[in-house]
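Encoded as structure tokens, the structure appears first; notes follow it.
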Amino acid sequence: MMSFSRILYRSFSSFPQPNSTTSIKSIANDLYKERSLECLVQKFKKYSELKRFRTRAGIYEDTVRKHAKAKCFRWIEEILEDQKKYEDISKEGFSIRLMSLYGKAGMFEHAHKVFDEMSDRNCRCTVLSLNALLGACVNSKKFVFVEGLFKALPKKLSIEPDLISYNTVIKAFCLMGSFDSAVLLLDEMEKKGLEPDLFTFNTLLNGLNAKGQVSDGEKIWELMQKKNVVPDIRSYNAKLLGLALDKKTKEAMELVEEMKTRGVKPNAFSFNALIKGYVIEGNLEEAKWWFDHMGEGESAPGKKTFEIVVPFVCEKGELELAFDLCKEIFKRKFLVDVSLLQLVVNTLVKESKMEEAKKLVQLGKRYSYCRYDLKLP
């Protein structure tokens with residue numbers, strides 16, 4: 001029997017060697033079609049010898065994302081550390097890309113190492129590098145380190161933080177639930193002559209409203225208007241969610257009408273927030289009405305909509321509707337948690353609707369998109 005290493009050797013030696021005439025499109029197709037992640041690593045390293053390949057950030061992101069999804073972090077390290085042998089690494093932009101890629105893979109320590117090595121390579125370090133490191137820290141969910149880096153590095157490297165720097169730190173504070181610290185940064189920004197932008201306000205609005213701090217969110221909304229920053233769909237959706245969680249569906253409906261008059265088209269998230277509000281209030285009829293009238297395209301019911309509605313209709317005893325919604329989930333190929341479908345099966349059995357329960361179990365086993373191991377209790 002041929003050894004695995006021998007198979008790999010034959011595989012690596014058989015694929016076409018890149019040269020100046022090899023098109024990037026053919027390289028991208030080759031990498032996309034490669035099913036062996038280990039072979040993909042070797043091919044990627046070989047293709048990296050081409051300078052024009054190393055300018056294709058999208059290919060790098062796709063490859064790292066694929067390995068991160070499979071939790072093959074040592075191969076991500078092998079790919080990215082191999083890039084350091086090229087002269088590109090002496091340029092700030094290439095180091096920034098490596099930091100960003102490591103961050104998206106959740107490998108903050110490696111991103112920090114790239115940052116620390118920049119001085120050894122005589123690589124110029126500007127606020128762009130600071131922002132890349134802060135971004136990698138947030139993407140890696142290492143929120144507790146963000147404030148320390150933000151306070152120490154600008155002084156150490158004589159770098160002045162910019163709007164992106166502050167927005168990244170505000171996002172980290174919001175994700176940590178440290179809203180007071182996030183809001184305080186607005187005053188610091190103003191002292192430095194930096195004006196908060198739409199991203200700043202949306203980050204604060206999302207964080208505060210999602211945690212039910214509606215009154216604080218309203219203060220941010222008022223400040224946003226005072227600064228003449230025009231709200232977009234994300235701004236309105238954040239406010240809608242806050243109103244829904246605060247059981248203020250009447251105000252939420254009025255806000256939807258305001259959106260329409262201002263030319264902001266509600267999307268699925270907008271309607272999900274409204275439906276969530278009616279679910280919290282226990283209003284089945286309104287929840288069903290909005291579900292039926294969501295529309296198509298961006299405003300059509302999505303996976304999240306079904307996750308909100310299905311448990312609610314089960315709770316209210318609308319088992320025929322719950323059964324139909326589950327069949328719709330299969331039809332639309334939504335990947336939901338198995339517990340959602342199992343809840344419906346259990347409720348159907350409890351109410352002696354065995355035929356429907358058995359049907360869902362069978363559908364789960366036959367579902368080619370994702371097998372669900374549903375059981376009859």
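The values are calculated or read from the model by the stated rules, or taken from the named source; none is laboratory data. Just so it is clear, the structure is predicted and the values come from calculations on it, not from any experiment. So basically every Cβ, Gly included, is an ideal-geometry build from the backbone, and we count neighbours across all protein chains shown. To get the accessible areas, we keep the full protein, side chains included, count just its heavy atoms, and leave off ligands, DNA and RNA. Shrake-Rupley method; radii C 1.70, N 1.55, O 1.52, S 1.80 Å.
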Legend entry - Residues located in the stretch 252-292, provided they are crowded, with 16+ Cβ neighbours inside 10 Å and of a type in the set (Asp, Glu): 286
Inset, instruction - Output the qualifying pairs, or none if there are none: Cβ atoms under 7 angstrom, residues six or more apart or on different chains, first residue in the stretch 38-56 and over 13 Å from residue 28 (Cβ atoms), second residue aliphatic (A, V, I, L, M) and surrounded by 15 or more Cβ atoms within 10 Å (Cβ to Cβ). - result: 41/79; 45/79
Inset, instruction - Just one of (1) under 30 Å from residue 225 (Cβ atoms); (2) out of contact with any helix residue (DSSP H, G or I) (no Cβ under 7 Å at 6 or more places or on another chain) trips up residue 303, so point out which. - result: (1)
Inset, instruction - For residue 232, indicate whether it is of a type outside the set (A, V, I, L, M), surrounded by fewer than 17 Cβ atoms within 10 Å (Cβ to Cβ) and out of contact with any Ser or Thr (no Cβ under 7 Å at 6 or more places or on another chain). - result: yes
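Only one of 246, 216 is surrounded by fewer than 22 Cβ atoms within 10 Å (Cβ to Cβ), touching a helix residue (DSSP H, G or I) at 6+ places or on another chain (Cβ under 9 Å) and closer than 26 Å to residue 135 by Cβ; which?
Working: 246 fails: closer than 26 Å to residue 135 by Cβ.
Answer to the selection: 216.
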Legend entry - Members of the stretch 159-208 that are surrounded by fewer than 20 Cβ atoms within 10 Å (Cβ to Cβ) and charged (D, E, K, R): 160, 162, 180, 187, 188, 190, 191, 192, 195, 197
Inset, instruction - Could you figure out which of (1) of a type in the set (A, V, I, L, M, F, W, C); (2) open to solvent by less than 20 Å² (accessible area, probe 1.4 Å); (3) at pLDDT below 95 isn't true of residue 57? - result: (2)
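Residue by residue, here is whether (1) under 23 Å from residue 267 (Cβ atoms); (2) modelled with pLDDT of 95 or more; (3) in contact with a Lys or Arg (Cβ under 7 Å, 6 or more places away or on another chain); (4) exposed (fewer than 15 other Cβ atoms within 10 Å of the Cβ) holds:
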site	(1), (2), (3), (4)
294	yes, no, no, no
314	no, yes, no, no
321	no, yes, no, no
324	no, yes, no, yes
344	no, yes, no, no
347	no, yes, no, no
377	no, no, no, yes
Legend entry - Single condition residue 221 does not satisfy, out of (1) of a type outside the set (Gly, Ala, Ser); (2) free of Cβ contacts under 8 Å to residues at least 24 places away in the same chain; (3) surrounded by fewer than 16 Cβ atoms within 10 Å (Cβ to Cβ); (4) in contact with a Leu (Cβ under 8 Å, 6 or more places away or on another chain): (3)
Legend entry - helices (runs of 4 or more DSSP H) fully within the stretch 310-377 counting 3 or more residues that are of a type in the set (Val, Ile, Thr): 338-350
Legend entry - Breaking point among (1) out of contact with any Phe, Trp or Tyr (no Cβ under 8 Å at 6 or more places or on another chain); (2) open to solvent by 100 Å² or more (accessible area, probe 1.4 Å), for residue 333: (1)
